[in-house]
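Here the structure is laid out as structure tokens; the discussion comes afterwards.
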Amino acid sequence: MQTHILGFPSIGKRREQKQALESFWNGALSVDALSATCAELKERHWRIQKDAGLDYVSTGDFSLYDRMLDITCMLGAIPERFIPCRDDAPADRYFSLARGNIGHNIAPLEMTKWFDTNYHYLVPEIDTDRPWTATAHPVVADTKQSRELGFSPKPAIIGPFTWLALAKAPRTIRKWARLDDIVSVYAQLLKDLAGHCACVQIEEPVLCTELLPEDAGRSFREVYAALNAAGPKLMLTTYFGGLGRNLQSAVGSGCAVLHIDALRGRKQFDEVLNALPGDAALSLGVVDGRNIWKTEYSAVLPLVERAVAALGKDRVLLGSSCSLLHCPVDLAEETALPEHIRKRMAFAVQKCAELAALRAAVEGNGADAAGAQPDEPHPDRCVAAVRERVASVTPDMLARRSPYPERRAAQAWLKLPPLPATTIGSFPQTDAVRKVRLDFKRGIISEADYVAAVRREIRDCIEKQEQLGLDVLVHGEAERNDMVEYFGQQLGGFCFTQNGWVQSYGSRCVKPPVIYGDVYRKHPMTTEWILYAQSLTKKPVKGMLTGPVTILCWSFVRDDLERSEVCMQIALAVRDEVQSLEKAGIRVIQIDEAALREGMPLTRDEAEIYLRWAVDAFRLASSGVEDSTQIHTHMCYSEFNAILSWIAAMDADVLSIEASRSGMELLDAFTDVHYQGAVGPGVYDIHSPRIPSEEEITQLLRRALRHIPEEQLWVNPDCGLKTRRWEEAWPSLQHMVAAAARVRAEATRR
Ligand code: GLN
Ligand code: ZN
């Protein structure tokens, strides 16, 4: 029985890749030195896999920036706007696609979440019908190199259907018409790989979604017949879910091996076993590539045994469920975690070892393969009071006292003007603020000094907002390093790693908090700062909280409790905070749910189940207040249409959303569902340093008024301002407030 992983994180246990990339971009490192660091990391990672006893090591999992981009470059599918970069050095051209090119003033490829993970890939753009010029893929050289060093490489490439399904193209271009050209480039790549490896991992996670056209089945079989003819044995690799309606395409592909995510696709396991053709092997993804927990062998061994019984040992492989890209590198780097938590964890290095141990267990020489020892429950993991509270949540706790129109009337006391102007929460995080937080964390300054410094920031922020003439003010979030970590640090059930970094995109890494036990609030988390801000102004200050779904989605979550249950625990903690704020006199409260949409599973059925509990969690968090208290929520993305009715069901009084880049087009959908609440469609893009003019914001607001009645419209930017400098935020907000005043005057004149 062979073992393998689908990919190892490329960043390095000390984020060496990040440092090298950023030094290269700064001009401090040569392209050769960058390549040398990458070569070292690749070899180190191959050795880890080999030493763990895996039969293959993964190549092609290491990308300079992004694996989708690597395929885009191989195909030569470079959008026309990059033509001015044609004569630049290859590395510069590559990074221009990823990061834009300031000299030529070219925007980068768009970036978006890789399925339902927190990894972002660069979205291919097909903007021409002209033929592309293919180029070599770095996986060929890496595979040769790996072979020469004595490893047994398994190159990993993203497959043509996934690449095309995720590519965007204007309506005038039929992207699927490109399939034949694309396939011939893939066939050449496979030929180039042929002599250097025994098997190629060709990834089609799109088979676990509903993104393929219904009639893709035939072309899928034809394309894979062509690819199989190219030479090396193919492992058709799927992950992040079951195969659903694409099962026949997958088993009929003619590939020598089919890899399935046996964890997320468990329900379909037997169906896959039965459908697998007689000569194909099955790779079982049984070690979770998306969490940080040890594999519970007793839960996965029965699956492996069933597969072995049905197919025979030689036709079963054991693998990670997906690439280990989504989990941190090495648990050995963690020296400060409580032992009772640490001993239940496995990062990428440890997950490699688990696969070898699992094989040993199946093959009967696994005396020491206990890995998933049934451990004695720790009191933190099951806090009776928390369990009881979740169990006794009643339907009335999920609903505001009165329906929206009555609440609206009850909130009139806030005496807000029409088209009230506000912001999303954070203000520019200057180097000074960051230093204060860091100094406090490192014990360099006292708590009293820290509080004084944050208060100065808050005072400054309130003064600026008064001067700008905003209507609902915020405290500016100077005390927050991160909108999830800030809350996690104060809640029971969370812990933090020192080096648990995961690549988010390119050189950017995140270190998600870990939810290991039952979550509960120990004490008020935000009231002190918000009350201080409110003490400085007569205008209402909006209390700023992160919502339960976002806290859940941006953490590593325990695997011994349903996610929905964990989410309800967090929701109760947030509810407590909402009520503390209300009691203290803060009567406008925003609960951000920036991650609601990205946490959505990939198939409609599962998405519906998720949305039901996610919306309930928000309602539980937000509805314990008086009608006269105004609840806001914020989401920073604009693909709403499919879930707008769910967003309406969240029943917030005010919803702020990203809208400027789509020019308010998305508001059509709000008209269609008769959205009742107030809406603040973002009027300028905070991701860009560009300062919007008063005129252009005015135009956007006038356009918004065609979709949203005047009494429902708010005025705000697309998202928080923490990544902007004051030099940008200040004039932008001035223009925003002036535009609001203008449109307000026009509206009241009518
Ligand atoms: N309140 C947060 C902020 O302004 C919201 C951030 C977000 O939506 N990602 O920074
Ligand atoms: Zn946002």
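The values are calculated or read from the model by the stated rules, or taken from the named source; none is laboratory data. Remember, predicted model here, so these are calculated numbers, not experimental data. As a convention, Cβ positions derive from the backbone with ideal geometry for all residues, glycine included, and neighbour counts pool all protein chains shown.
Here Leu545 does not qualify as at pLDDT 95 or above and either within 24 Å of Arg264 (Cβ to Cβ) or away from ligand 1 (no atom under 16 Å from the Cβ) (or both). Looking at Gly241, Gly265, Gly252, just one residue is in contact with a Pro (Cβ under 8 Å, 6 or more places away or on another chain), over 23 Å from Thr59 (Cβ atoms) and buried (at least 20 other Cβ atoms within 10 Å of the Cβ), and that residue is Gly241.
For region 195-233, a residue qualifies if it is among the aliphatic types (A, V, I, L, M), within 15 Å of Cys255 (Cβ to Cβ) and surrounded by fewer than 19 Cβ atoms within 10 Å (Cβ to Cβ), and the qualifying residues are Ala198, Ala225, Ala226, Ala229. Could you grab me the full set of residues in region 697-722 that are within 15 Å of ligand 1 (Cβ to nearest atom) and without any contact (Cβ under 8 Å) to a residue 40 or more places away in the chain? Hits for region 697-722: nothing passes. Residues in region 554-572: is at least one within 16 Å of ligand 1 (Cβ to nearest atom), surrounded by fewer than 24 Cβ atoms within 10 Å (Cβ to Cβ) and in contact (Cβ under 8 Å) with a residue 60 or more places away in the chain? Yes.
Checking the stated criteria, Thr527 turns out not to satisfy the condition of being buried (at least 23 other Cβ atoms within 10 Å of the Cβ) and touching a residue at least 12 places away in the same chain (Cβ under 8 Å). Considering only residues in region 653-667 that are away from ligand 1 (no atom under 14 Å from the Cβ) and not polar (S, T, N, Q), the one that is nearest to Ile591 (Cα to Cα) turns out to be Asp653. Pro692 meets each of the listed conditions (1) in a helix (DSSP H, G or I); (2) within 18 Å of Ile657 (Cα to Cα); (3) away from ligand 1 (no atom under 16 Å from the Cβ) apart from (1).
Can you say whether Val287 is more than 31 Å from the chain's Cα centre (by Cα) and within 18 Å of Asp55 (Cβ to Cβ), as far as the supplied structure shows? Quick ask: steps written out before the conclusion?
On the way: more than 31 Å from the chain's Cα centre (by Cα): no; within 18 Å of Asp55 (Cβ to Cβ): yes.
It is false that Val287 is more than 31 Å from the chain's Cα centre (by Cα) and within 18 Å of Asp55 (Cβ to Cβ).
Checked against the criterion of being closer than 28 Å to Phe496 by Cβ and surrounded by 15 or more Cβ atoms within 10 Å (Cβ to Cβ), region 304-318 contains not a single residue that satisfies it.
So that you can scan it fast, the table gives a plain yes or no per residue for (1) out of contact with any His (no Cβ under 6 Å at 6 or more places or on another chain); (2) away from ligand 1 (no atom under 16 Å from the Cβ); (3) under 25 Å from Pro681 (Cα atoms); (4) polar (S, T, N, Q):
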| site | (1), (2), (3), (4) |
| --- | --- |
| Cys382 | yes, yes, no, no |
| Thr394 | yes, yes, no, yes |
| Arg401 | yes, yes, no, no |
| Glu406 | yes, yes, yes, no |
| Ala412 | yes, yes, yes, no |
| Leu416 | yes, yes, yes, no |
| Phe427 | yes, no, yes, no |
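For residues that are modelled with pLDDT of 95 or more and surrounded by 15 or more Cβ atoms within 10 Å (Cβ to Cβ), scanning just region 429-445, find the one that is nearest to ligand 1 (Cβ to nearest atom). The extreme case among them is Arg437. Evaluating Ile647 against the criteria (1) within 15 Å of ligand 2 (Cβ to nearest atom); (2) closer than 24 Å to Arg558 by Cα leaves one unmet condition, (2).
Loosely packed, with under 14 Cβ neighbours inside 10 Å and touching a residue at least 40 places away in the same chain (Cβ under 8 Å): does that describe Glu665? Criteria not met by Glu665.
Taken over region 24-42, the criterion of being over 30 Å from Gln350 (Cα atoms) and either in a helix (DSSP H, G or I) or β-branched (Val, Ile, Thr) (or both) is satisfied by Phe24, Trp25, Asn26, Val31, Asp32.
Is there a residue in region 9-16 that is touching a His at 6+ places or on another chain (Cβ under 6 Å), within 24 Å of Ile202 (Cβ to Cβ) and part of a loop (DSSP other than H, G, I, E, B)?
The answer is no, given that none of the residues of region 9-16 is touching a His at 6+ places or on another chain (Cβ under 6 Å), within 24 Å of Ile202 (Cβ to Cβ) and part of a loop (DSSP other than H, G, I, E, B).
Quick one: Ala281 ticks every box in (1) more than 24 Å from Lys343 (Cβ to Cβ); (2) small (Gly, Ala, Ser); (3) at pLDDT below 95 bar one, so which box is it? Evaluating Ala281 over (1) more than 24 Å from Lys343 (Cβ to Cβ); (2) small (Gly, Ala, Ser); (3) at pLDDT below 95 leaves (3) as the failure.
Take Ser660 and tell me if it is outside any helix (DSSP H, G or I) and within 16 Å of ligand 2 (Cβ to nearest atom). It is true that Ser660 is outside any helix (DSSP H, G or I) and within 16 Å of ligand 2 (Cβ to nearest atom).
Within region 625-634, can one find any residue that is touching a Leu at 6+ places or on another chain (Cβ under 7 Å), in contact (Cβ under 8 Å) with a residue 12 or more places away in the chain and crowded, with 21+ Cβ neighbours inside 10 Å? Yes, that holds for at least one residue. Of the residues making up region 699-732, those that are more than 21 Å from Leu667 (Cα to Cα) and within 16 Å of ligand 2 (Cβ to nearest atom) number 6. For Arg725, indicate whether it is within 24 Å of the chain's Cα centre (by Cα) and either at positive phi or within 16 Å of ligand 1 (Cβ to nearest atom) (or both). For Arg725, the condition - within 24 Å of the chain's Cα centre (by Cα) and either at positive phi or within 16 Å of ligand 1 (Cβ to nearest atom) (or both) - is not met. Considered as a group, the residues in region 619-646 that are within 19 Å of the chain's Cα centre (by Cα) and assigned to a helix (DSSP H, G or I) include one that is farthest from ligand 1 (Cβ to nearest atom), and that residue is Ala642. I'd like to verify a number: residues in region 68-90 that are under 16 Å from Ala134 (Cα atoms) and assigned to a helix (DSSP H, G or I), how many? Of the residues in that region, 12 qualify. The residue that is nearest to ligand 2 (Cβ to nearest atom), among those in region 469-485 that are surrounded by 18 or more Cβ atoms within 10 Å (Cβ to Cβ) and more than 17 Å from Arg724 (Cα to Cα), is Val484. The criterion of at least 2 residues that are away from ligand 2 (no atom under 16 Å from the Cβ) and in contact with a Ser or Thr (Cβ under 7 Å, 6 or more places away or on another chain) is met, among helices (runs of 4 or more DSSP H) falling completely within region 504-609, by 563-583.
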